[in-house]
Amino acid sequence: MAYDVDVLVAGAGPVGLMAATQLARSGVSVRLVDAAPGPATTSRALGAHARSLEIYDQLGILGEIAPHGTRINAFIRHETDRANRLDFSFAGLPTRFPFMFNIDQVIIERVLRGHAAAVGVAPQWGTRLDSFEHDDEAVTAVLRRGDGSAAVPETVRARYLWGCDGGHSTVRKTLQLPLEGEPAHTWLIADAITHTDVDRDGVHWLFPAGGALMLFPFPEPGKWRLLDTSGEGDTEHPEQIARQFSTKLSQALGRDTVVETPSWTSKFTIQQRAVPSMHVGRCFVSGDAAHVHSPASGQGLNTGIQDAYNLAWKLAMVLHGDADATLLDTYDAERVPIGQALLASTSELMDTVMVDDTNGDTPNSPDSYRGFQRELIRNMSGLAIAYPDSPLTVTGDSPEEGSGDGPQPGQRLTQVWADDAQSPGWTILRAALRTPTWHLLVFTGDTHATDQDHLAAEAASLPFWLDTVTISQRRRVGDDHSVWDPDGRVHATLAASDGHWILIRPDGYLSARGTGDPSLRAALDRLTSLHTHQ
């Protein structure tokens with residue numbers, strides 16, 4: 001059967017760019033279209049959380065992003081006579097990035113477009129997905145280039161359609177996937193130079209009469225994102241918006257505060273909604289096309305990036321014939337619950353912290369408030385996201401496979417603090433994991449050359465889509481598939497010793513871990529019987 005392209009991606013925002021780039025890196029043909037005339041230039045999402053930073057690092061693009069952002073280390077709540085600072089605590093959630101990172105979405109998209117271009121993908125602007133039909137064999141889509149009656153139609157036959165086309169998604173609507181939930185509050189947002197002396201490494205919550213304010217620092221000197229939960233103000237009159245924020249900030253801080261005319265303003269009614277399914281036949285939705293919610297905790301872009309990172313490798317495996325199409329069902333199984341949990345956490349944030357607390361419903365005692373903030377940090381970071389119940393997670397039956405030490409099946413591999421991650425072994429391992437494929441980590445603690453590397457020697461009989469990496473405390477000169485771990489940091493942080501193995505998915509989550517060849521064969525047999533071809 002003839003196809004024009006493997007995957008048609010609708011929407012060239014950060015989610016669509018991530019989807020298209022990862023597919024192309026895996027050798028899949030992609031077409032990326034967007035109805036907009038060109039890239040966005042106005043500010044939108046701002047916060048990048050720890051799990052997203054780990055993904056950017058695994059992709060090898062973090063170095064291009066980092067110079068353009070600013071590190072956020074604390075929540076700062078302003079009362080009438082004092083400011084209560086709570087520095088972020090990531091106890092129990094080891095990561096190289098124990099902070100939030102504010103960076104303009106425009107920068108993220110620019111970096112992703114560069115990497116998309118490097119693998120042969122260029123967004124086709126001014127090209128909208130007009131309609132489509134799908135069956136068991138293909139998706140037939142009608143694209144239109146141009147505006148109005150002059151728009152030129154084009155029919156495209158694709159193996160799969162991926163909707164990354166935002167809150168008004170054509171893909172979601174055509175699939176008749178309901179956005180279940182309800183509207184919440186109406187908020188006002190503005191980006192403006194603000195003359196204030198508050199700390200620039202924190203997110204500020206303030207409570208003037210009639211509502212709550214939030215301040216998020218931009219990397220640019222003096223520039224802040226201002227959020228007013230009252231929703232008051234006319235965005236057609238930015239000078240009036242500046243005066244309104246100046247008055248409210250002055251009242252909340254107890255000192256004169258001047259806000260200059262905003263460079264961007266927006267007022268919107270927050271929708272707290274998510275789809276019950278993100279996958280219908282050969283069609284998928286990700287990001288805002290699948291879940292819309294409050295921007296207060298900065299989850300939209302982050303969750304969409306993680307959606308795309310979850311699905312891209314699965315689609316690539318199916319398209320290459322390395323997996324059965326039932327592998328794609330795990331996208332729903334893993335990501336739909338994340339969208340639902342996101343609605344719950346952002347709703348709690350709005351109901352307890354982001355509204356006027358004069359009715360006494362918010363957690364005003366120091367202990368309860370700090371406890372709420374710590375839980376909020378945990379939820380925002382994305383570090384606790386795991387897939388323990390996924391069909392791709394294999395839990396061993398033997399005692400040594402369930403000791404509880406180190407990252408467990410269903411959890412992310414990179415549960416490591418910065419000082420450990422900068423050790424020789426982790427530095428080499430992080431680089432090895434940038435290849436978008438499955439990895440089998442095989443551990444040996446031997447410091448002398450031996451012939452005991454039995455699992456590594458068996459690599460030739462393993463599935464060809466599995467890349468074996470030996471982690472050893474002896475150096476193997478010229479071996480591109482080994483990690484030298486001279487100080488044993490990788491062994492220690494992963495709770496692995498001689499004879500252990502860990503099976504890592506392309507998105508950095510553990511599928512299984514165990515000891516010895518028989519348990520590895522059992523885990524691979526279970527995975528291949530469920531989802532993949534040998």
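We did not get these values from a lab; they are worked out from the coordinates using the rules stated. All values reported here derive from a predicted model rather than from experimental measurement. Cβ coordinates were reconstructed from backbone atoms using ideal geometry, including for glycine residues, and neighbour counts include every protein chain displayed.
Numbers below:
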| item | result |
| --- | --- |
| Relative packing of peptides 192-199, 24-31 - highest average C-beta neighbours within 10 Å first | 24-31, 192-199 |
| Cβ-placed point charges (K, R +1; D, E -1), dipole of the chain about Cα centre in debye, nearest 20 | 800 debye |
| Prolate/oblate/rounded call for region 137-243, Cα gyration tensor, a/c under 1.5 rounded | prolate |
| Neighbour net charge for Asp234 - beta-carbon separation under 13 angstrom, K R +1, D E -1 | -2 |
| Rounded Å value of the spacing that divides the Cα centres of region 260-294 and region 157-190 | 6 Å |
| Partner lysines for Lys314 [C-alpha distance under 27 Å; skip if fewer than 8 residues away on the same chain] | Lys173 |
| The chain - Debye-derived log10 I(q)/I(0), Cα point model, q = 0.08, 0.10, 0.13 Å⁻¹ | -0.56, -0.85, -1.31 |
| Where GluC sites (Glu not before Pro) fall in DSSP loop in region 95-186, at most 14 other Cβ within 10 Å | Glu137 |
| Normalised contact order of the chain, rounded percent, pairs of Cα under 8 Å and 6 or more residues apart | 15 percent |
| Peptide ranges 299-309, 374-384, 502-512 listed from the most packed, as the mean C-beta count within 10 angstrom indicates | 299-309, 502-512, 374-384 |
